[in-house]
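The values are calculated or read from the model by the stated rules, or taken from the named source; none is laboratory data. Not measured: the values here are computed from a predicted model. Cβ atoms come from the backbone with ideal geometry, glycine included; neighbour counts cover every protein chain shown.
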Amino acid sequence: MDNSQKSGLDLNKAFKGIAASSGNSFVHETESQVILNGSYNINFTMDLVEKDVGLFESLAEKLDIDLEISPLVLSIIKDAKEKYGSRAWSSMVVKRLEDKYETDFRAPGFPEELVDDEEKVKGYEI
């Protein structure tokens, strides 16, 4: 979104373009919407992301697997957690870029919170 905005692209169109491309993902379809709204409310917090990535790193260390990207991700998460608080929404990690470039990634028409309105069904073990 940062490149889109700095290039003067409409963020609504950028969102739709990414969604229609091979760059689409579950995270794009969900978190991007609450970022573009400004609420960042993904109902998952910085401390939980730090815990999850930390567990992954601990396992890799135990198995003597050298990681390249994960330490950088953890560093970025820790920086965002320090700036915005451990209970801040994890999607606020992009606020680091908004603050750095003195901008915000906002576009009209996106929801404040995503609501799962699908019928609940009983799960099963695989």
Could you please find all residues in segment 31-69 being part of a helix (DSSP H, G or I), more than 29 Å from F15 (Cα to Cα) and among the hydrophobic types (A, V, I, L, M, F, W, C)? L55, F56, L59, A60
Of all the residues that make up segment 106-126, how many are closer than 12 Å to Y40 by Cβ, aromatic (F, W, Y) and modelled with pLDDT under 95? 0
Scanning segment 26-41 residue by residue, those of a type in the set (A, V, I, L, M, F, W, C) and at pLDDT below 95 turn out to be F26, V27
Looking at the structure I just gave you, is I18 more than 11 Å from F105 (Cβ to Cβ) and either touching a Gly at 6+ places or on another chain (Cβ under 6 Å) or in a helix (DSSP H, G or I) (or both)? yes
If the Cβ limit is 9 Å and pairs must be 6+ apart or interchain, which residue in segment 71-99 that is under 9 Å from M46 (Cβ atoms) and assigned by TED's automatic domain parsing to the domain that holds V53 pairs with which residue that is hydroxyl-bearing (S, T, Y) and assigned to a helix (DSSP H, G or I)? I77/S90; A80/S90; M92/Y84; V93/Y84
The number of residues in segment 90-117 that are surrounded by 14 or more Cβ atoms within 10 Å (Cβ to Cβ), hydrophobic (A, V, I, L, M, F, W, C) and out of contact with any Leu (no Cβ under 8 Å at 6 or more places or on another chain) is 5
Check off (1) assigned to a loop (DSSP other than H, G, I, E, B); (2) closer than 19 Å to F15 by Cβ; (3) of a type in the set (D, E, K, R) for E98 and give me the number that stays unchecked. (1)
Is it true that some residue in segment 70-82 is under 24 Å from Q5 (Cα atoms), over 13 Å from the mean Cα position of the chain (by Cα) and exposed (fewer than 14 other Cβ atoms within 10 Å of the Cβ)? yes
